[in-house]
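Encoded as C-alpha cells, the structure appears first; notes follow it.
Throughout, read-outs are computed from the coordinates displayed, never taken from laboratory work. Here the structure is a predicted model, which is why all the values come from computation and not from measurement. For neighbour counting, all protein chains shown are included, and Cβ atoms are generated from backbone atoms with ideal geometry for every residue, glycine included.
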Amino acid sequence: MKNTLKLLITIGLLTCGSFAIAETDTGVDVYGSQINYAEWSAETGTKTVWTPTTGKKFVITSWIFSTGTACNMYLLDGDTQLIGKLNFPATSGETFFVPRISGSTNNPLKAWVSASTTGSITVIGHEE
C-alpha cells in the first residue's frame with residue numbers, strides 16, 4: 001500500500017479542492033507550486049528531496065517533516081547547511097512555513113537525519 005499525501009488547498013475560508021499525491025510523485029506541479037518528497041526507512045543519512053531544473057534555483061515556501069525515532073535534522077542547499085539543526089522527539093512531526101531560496105542554480109535540496117529513523121519530508125515551493 002502506498003503512502004499518500006492529501007493536500008487541501010484553502011484560500012481564506014474557501015476550499016478550492018483536494019487531491020492525493022503518491023510517494024513516488026516528486027516534482028508534481030500543483031497550482032504553480034511543486035511538491036517534492038523523500039522518505040527514510042530505518043535509515044540514517046542524506047536524501048535528495050528536490051533537484052531543480054538545469055539553470056534554476058529551488059524556492060521553499062513550506063515543508064513538513066515526520067519521524068518515528070528521535071533525531072536531529074538538517075536541510076542542505078547542495079552540501080551547505082540551509083536550515084538546522086532541528087531536534088525532533090520520537091513519533092513527531094512538524095509543519096514549517098520558513099521561506100528559503102537556494103544560494104546557487106542547480107543545487108539540489110537535501111535532508112539529513114542523525115538517527116536511524118522511519119520518516120519523511122515533503123517540501124512545497126517553486127523554481128526560479
Hey, could you get me the Stokes-Einstein D for the range 25-127, Kirkwood radius over alpha-carbon pairs, 4 °C and 1.567 mPa s, rounded to whole µm² s⁻¹?
-> 96 µm²/s
Got a sec? How would Ile35, Ile64 order by Cβ neighbour count within 10 Å, fewest to most?
-> Ile64, Ile35
Farthest toward the dipole's positive end in the range 25-127, which of Asn106, Ile64, His126, given Cβ charges of +1 (Lys, Arg) and -1 (Asp, Glu) about the Cα centre?
-> Asn106
Using the C-alpha gyration tensor of the range 67-106, what are the square roots of 5 times its eigenvalues, in whole angstrom, with the largest one first?
-> 23, 11, 7
